[in-house]
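Quick notes on the structure that follows.
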Amino acid sequence: MGRAVGFIGLGSMGLPMAQNLARAGFQVLAWNRTPKEAGGLTLVGSPKEAAEAGVVITMLADDAATEAVLPGILEGLPPGGLHIAMSTLGVPYSKALAERHRQAGKRYLAAPVFGRPEAAARGELRIVVAGAPSDVEEARPLLKALGQEVYEVGESPHLAHAVKLGGNFLIAAMLEALSEAYVLVEKNGVRREAFYEVVRGFFRSPVYENYGRILLERRFSPPGFRLRLGLKDTRLIHQAADTTHTPLPLGHLLLDRLLEGMARGMGEEDWTAILKLVEAKGGLNG
Ligand SMILES: NC(=O)c1ccc[n+]([C@@H]2O[C@H](COP(=O)([O-])OP(=O)(O)OC[C@H]3O[C@@H](n4cnc5c(N)ncnc54)[C@H](OP(=O)(O)O)[C@@H]3O)[C@@H](O)[C@H]2O)c1
């Protein structure tokens, strides 16, 4: 059995990520708020026990979920122990986490990810990392087991969360634009499949390719990325804009769209389900 690592949060992303670490030979001491079946992992009874491994990864819904396990992490990590936050967190919260770990004599690295649960299961995430270079080196074997690319964006951990939010702003804008474009071409007599081939060929990117296909196949449920988490990210994008006086006109449109999805009870569907809202506005599907 290889080196031990704690893993907190076995949701849509966390479970396949933790299982990849186990497959790569790590002994994964895993904890989830709601007990789970989790083959290959050593389930422990608290966040503190997971952190006692000396290195602990969190992959939780949001800032509040991370805050809920933080006391256990700070208590369980040995002096100088390392917490790697891989969730999408707010920039101010990520800054506060850095300070609180420093005060407690523990280390904190931010490593949020791009890629949906299927990419996580294949170990093909794109990971954005920021923190002390020596911490990045220590984390590298773990990150290599989880992702196909690691982008280093600076020595202050919150920079990685800022990059992740900038990237998710682009993805959300692409999702809205692609949904509108599908409706537009269809209403002008084009088959969506034909349009998708053009998008795939000319706008070549794994993001367009993957999301274009999900929209085409209407894979809204079970969700890969829940609409309510998309709203959470959009709020974090606005928070990062607000605190730096950055106007974000497109961001307001995206916020409204996701609020509309919540209002229509779509929070647990995949966020690509916004296509249905765009279609309804265009008079398609009833
Ligand atoms: N899904 C994606 O495609 C994707 C891609 C990139 C990044 N992300 C980010 O990755 C993170 C995880 O996303 P996900 O899709 O895996 O979410 P998810 O399936 O909803 O899982 C959320 C996890 O957080 C836990 N949790 C929520 N509130 C908690 C609390 N108060 N205390 C303790 N644990 C709590 C849940 O535990 P329970 O099981 O007990 O509810 C679960 O383990 C999010 O920050 C998301 O934005 C997601």
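Since every read-out is calculated from the coordinates, none of them should be taken as a lab result. What you see is a predicted model, and the numbers here were worked out from it, not measured in a lab. No Cβ is skipped: glycine too gets one built from the backbone with ideal geometry, and neighbour counts run over all protein chains shown.
Can you tell me which of 230-238, 182-190 comes out highest on packing, and rank the rest after it, using the mean Cβ neighbours within 10 Å?
Result, highest mean Cβ count within 10 Å first: 230-238, 182-190.
Taking a temperature of 4 °C and a viscosity of 1.567 mPa s, what whole-number D in µm²/s does Stokes-Einstein yield for the stretch 1-79 with Rh from Kirkwood over alpha carbon pairs?
Rounded to a whole number, D works out at 107 µm²/s.
What ratio of Cα Rg to 2.2 N^0.38 Å holds for the stretch 4-156?
With N residues counted in the stretch 4-156, Rg over 2.2 N^0.38 Å equals 0.92.
Among the trypsin sites (Lys or Arg not before Pro) within the stretch 64-131, which fall in a DSSP loop and have no more than 16 other Cβ atoms within 10 Å of their own Cβ?
In loop regions of the stretch 64-131 (DSSP not H, G, I, E or B), the sparsely surrounded trypsin sites (Lys or Arg not before Pro) are 122.
Between residue 137 and residue 67, with labels modelled 7 Å along Cα→Cβ, what's the label distance in nm to one decimal, could you check?
The modelled label-to-label distance comes out at 3.6 nm.
Looking at the calculated P(r) for the stretch 169-285, what percent of the C-alpha pair distances fall above 22 Å?
Percent of Cα pairs beyond 22 Å in the stretch 169-285: 34.
With θ taken as phi - 60° and the coefficients 6.51, -1.76 and 1.60, list the Karplus ³J(HN,Hα) couplings across the stretch 147-161 in order, rounded to whole Hz; mark glycine and proline as x.
x, 8, 9, 10, 9, 9, 10, x, 9, 9, x, 4, 4, 5, 5
Specify the residue with the greatest mean-square fluctuation among 112, 133, 16, computed from a Gaussian network of the chain linking alpha-carbon atoms under 10 Å apart.
So, out of 112, 133, 16, the one fluctuating most is 133.
Quick one: among 51, 241, 98, which has the greatest mean-square fluctuation in a GNM of the chain with alpha-carbon springs under 10 angstrom?
Fluctuation is largest for 241.
Averaging sequence separations of C-alpha pairs under 8 Å and six or more residues apart, then dividing by the length of the stretch 122-197, give the relative contact order as a whole percent.
Answer for the stretch 122-197 is 27 percent.
Once fully extended, how much extra length lies between residue 177 and residue 281, figured as 0.36 nm per residue of separation less the alpha-carbon to alpha-carbon distance?
Value of the extension gain: 36.0 nm.
Please list, ordered by chain and number, the residues whose modelled amide H lies under 5 Å from the amide H of residue 30; skip anything fewer than 5 residues away on the same chain.
So residue 30 has HN proximity to 7, 42, 43, 44.
Enter the mean projected area of the convex hull around the alpha-carbon atoms of the chain, in nm², rounded to one decimal.
Answer in nm², one decimal: 15.3.
Per residue of the stretch 195-211, what does 6.51 cos²θ - 1.76 cosθ + 1.60 with θ = phi - 60° give for ³J(HN,Hα)? Whole Hz please, x for Gly and Pro, Karplus curve as stated.
5, 4, 4, 5, 4, 5, x, 8, 9, 3, 5, x, 6, 4, 4, 5, 5
From the phi angles alone, apply the Karplus equation (6.51, -1.76, 1.60; θ = phi - 60°) to the stretch 229-242 and give each ³J(HN,Hα) in whole Hz, x where the residue is Gly or Pro.
Going residue by residue, I get 6, x, 5, 4, 5, 5, 5, 5, 5, 5, 4, 5, 6, 4 Hz, with x marking Gly and Pro.
Excluding residues fewer than 8 places away in the same chain, name every one of the lysines whose C-alpha is closer than 27 Å to that of residue 232.
Partners within reach: 36, 48, 95, 164, 276, 281.
Compute the helix-to-body angle for 14-23: its Cα long axis versus the longest principal axis of the chain, expressed 0 to 90° and rounded to tens.
For 14-23 against the chain, the angle is about 60 degrees.
How high is the relative contact order of the stretch 163-272, in percent, counting Cα pairs under 8 Å that sit 6 or more residues apart?
Here the relative contact order equals 34 percent.
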